[in-house]
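Notes follow the structure.
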Amino acid sequence: MKAAVMITAGDATFALAEACAGGQDAAVKAINELMQDAGVYAEVSSIDGKGLMLNAEELAKLGARLAKSDTYKQYSALYLDEIQHENGTRTELVNQNKLIKSLDGCFAGSTGSSGEAQYCGVFMVKRKGAVFIAAVIGAADSKTRFSCASKTIEASVAAVSIKTPVKKGDKVVENVSVSGGITKNVNLVAAEDVTLIVWNGDEPRSVINAEEAYAAPVRAGDKAGTLEYIFEISGESGSVDLVFDGDVDTAGLADYVVLCFTKWVHV
């Protein structure tokens, strides 16, 4: 695992894939399934990926998929380590991703090179509570590859801000009417935290999609609508569910009698 991740050793990668999947054919199938899961629909016909052509966007998607693996992140974050062999000898491993040591927040990445694609790599950096990914293809040399990735990350970090306008449980709409219920109102709250990556100058507007009134019964946690954020410049959007923050049971005859009596007492 160390050799496959830290130095992108082809033989180690081949052996690891074959051992985990149970054979070459099974490994190829598993690789293609993982690629599709990452949103990359190119296919490989062999473990070494011979003939596979990826663009920078596809490479970035694979990087995002790799960043979900705790095992990959564990070994990818090591800059210097060694392998101890059964005969007692040791092989020193130096991570081929130099940004692990030189770029603030870099926690993972993979590199490679070939005559056709030249120097390539995908690099993951955590800043401002978010993960930034830079993919480089076709660099003339290793130094240019790392320089390009570093500049891309720094420019991206400077160009965005991370905002959390709403957290789980925050009231978004208060005192929404509930007809036919024991109580007359209920609040709509966010079902989960909302975290937005906002490009400078592209502030989102929020849109509440919910009814003006609901009919009893309603149950806490049930979906009542959505809170949508729309970015005007990029056109991108995202939403979070709005849920009821409490139960409202249907009122029965006895409830109406009590209500009438209460109102009469207060007259």
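The values are calculated or read from the model by the stated rules, or taken from the named source; none is laboratory data. Since the model is a prediction, treat every value here as computed from it, not as a measurement. Neighbour counts run over all protein chains shown; Cβ positions are idealised from the backbone, glycine included.
The residues in segment 235-245 that are at pLDDT below 95 and more than 19 Å from the chain's Cα centre (by Cα) can be counted, and the count is 1. Filtered by the rule that a residue be more than 14 Å from F123 (Cβ to Cβ), touching a helix residue (DSSP H, G or I) at 6+ places or on another chain (Cβ under 8 Å) and free of Cβ contacts under 8 Å to residues at least 60 places away in the same chain, segment 53-78 gives a lone residue, R65. Residues in segment 178-195 that are in contact (Cβ under 8 Å) with a residue 12 or more places away in the chain, surrounded by fewer than 18 Cβ atoms within 10 Å (Cβ to Cβ) and either touching a Ser or Thr at 6+ places or on another chain (Cβ under 7 Å) or over 15 Å from L242 (Cα atoms) (or both): S179, G180, I182, T183, D193, T195. Within segment 205-225, the set of residues being over 25 Å from the mean Cα position of the chain (by Cα) and touching a residue at least 40 places away in the same chain (Cβ under 8 Å) comprises V218, A224.
Quick check on my filter: what residues within segment 127-155 are touching a residue at least 24 places away in the same chain (Cβ under 8 Å) and either in a loop (DSSP other than H, G, I, E, B) or not assigned by TED's automatic domain parsing to the domain that holds G115 (or both)? Don't jump to the end; show me each part of the working.
Taking segment 127-155 as the starting set, the residues that turn out to be touching a residue at least 24 places away in the same chain (Cβ under 8 Å) are 127-137, 142, 144-146, 149-150, 153.
The answer is K128, G129.
Can you tell me which of L52, L59, L78 is closer than 22 Å to Q118 by Cβ, assigned by TED's automatic domain parsing to the domain that holds A108 and part of a loop (DSSP other than H, G, I, E, B)? After ruling out the rest, the residue left standing is L52. Any idea which of (1) within 20 Å of G109 (Cα to Cα); (2) buried (at least 16 other Cβ atoms within 10 Å of the Cβ) is the one A27 doesn't satisfy? So the condition that A27 fails would be (1).
Checking each residue in segment 223-235 for being surrounded by 14 or more Cβ atoms within 10 Å (Cβ to Cβ), within 12 Å of V198 (Cα to Cα) and not hydroxyl-bearing (S, T, Y) picks out I230, F231.
Screening segment 179-253 for strands (runs of 3 or more DSSP E) wholly inside it with 2 or more residues that are closer than 21 Å to A130 by Cβ returns the ranges 194-199, 204-210, 223-231, 237-244. Scanning segment 167-177 for residues that are touching a Phe, Trp or Tyr at 6+ places or on another chain (Cβ under 9 Å) and either crowded, with 20+ Cβ neighbours inside 10 Å or of a type in the set (D, E) (or both) returns a single hit, V176. Count of segment 1-49 residues, restricted to those that are outside any helix (DSSP H, G or I) and either of a type in the set (K, R) or touching a residue at least 60 places away in the same chain (Cβ under 8 Å) (or both), is 3.
Within segment 81-108, the set of residues being assigned to a loop (DSSP other than H, G, I, E, B) and either surrounded by 11 or more Cβ atoms within 10 Å (Cβ to Cβ) or touching a residue at least 12 places away in the same chain (Cβ under 8 Å) (or both) comprises N95, Q96, N97, K98, L103, D104, G105. Here D202 fulfils each of the conditions (1) farther than 30 Å from S114 by Cα; (2) of a type in the set (D, E); (3) out of contact with any Phe, Trp or Tyr (no Cβ under 6 Å at 6 or more places or on another chain) apart from (3).
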